[in-house]
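Contents: one structure, followed by commentary.
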Amino acid sequence: MLEAGTTTIDTPGGMPRAAFRQPFLFAFIAAATVAVLVASLAVVVGTRGSGKKDVDPAQAAAIEELWGIRVTRVAVTAGGGLIDFRYIVTNAEKAAAALAGTAHGHEQPTDEDLRTSPLLIDERTGFAVTEAQLHQTGRVQTERQSPQAGLQYPFFFNNTNGIFKPGGRASFAIGDVRLEHLAVQ
């Protein structure tokens, strides 16, 4: 018990309040500092030792020149069930030529459809997934046949069995042409 003027302050073990707070404050600051250092080290080690390749700028430029698109995002979404793949059209004519035949609607795809369909390939497993068949397929076909330069468009891929995970790498392919090492968010 500590007498402060006419007021009595009770603290555990009869310690003065200031003496009681200092060890806990010091312990909290020390623990927080250690946690921040460990997290920082994990990030540095994780990014340096991952061996993950980045998208080759020359390859990305070649794809942009060939297909008229620039990939802006590959992300796991919809509770892990879909992959949201976004691209910006940089050349409307090339994008229309490359992508117009890629939306096949709800009918059963043929072997030729699968050969010309966009695929997203998990680089860790080599497993490829096709575009999800969503209800807006008619609108998607129209947009892909006449895209507008400067606008962003999506592909949604099925994330079968949760193969794609944030932090992983993916390749995007149509036919024999492939853009590799896309970071999955």
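The values are calculated or read from the model by the stated rules, or taken from the named source; none is laboratory data. Because the structure is a prediction, the values reported are computed rather than measured. Cβ atoms come from the backbone with ideal geometry, glycine included; neighbour counts cover every protein chain shown.
Does residue 107 satisfy being modelled with pLDDT of 85 or more and among the acidic types (Asp, Glu)?
Answer is no for this residue.
Just a yes or no: is a residue in region 131-142 closer than 20 Å to residue 171 by Cβ, at pLDDT 90 or above, surrounded by 14 or more Cβ atoms within 10 Å (Cβ to Cβ) and not polar (S, T, N, Q)?
No, region 131-142 contains no residue that is closer than 20 Å to residue 171 by Cβ, at pLDDT 90 or above, surrounded by 14 or more Cβ atoms within 10 Å (Cβ to Cβ) and not polar (S, T, N, Q).
Looking at residue 184, is it more than 21 Å from residue 115 (Cα to Cα), touching a Phe, Trp or Tyr at 6+ places or on another chain (Cβ under 6 Å), at pLDDT 90 or above and surrounded by 16 or more Cβ atoms within 10 Å (Cβ to Cβ)?
Against the criterion (more than 21 Å from residue 115 (Cα to Cα), touching a Phe, Trp or Tyr at 6+ places or on another chain (Cβ under 6 Å), at pLDDT 90 or above and surrounded by 16 or more Cβ atoms within 10 Å (Cβ to Cβ)), residue 184 qualifies.
In this structure, is residue 71 at pLDDT 95 or above, β-branched (Val, Ile, Thr) and in a strand (DSSP E or B)?
When the stated conditions are applied, residue 71 does not pass them.
Those residues that are of a type in the set (Gly, Ala, Ser), closer than 20 Å to residue 70 by Cα and either modelled with pLDDT of 95 or more or in a loop (DSSP other than H, G, I, E, B) (or both), I need them from region 81-104; list them, please.
103
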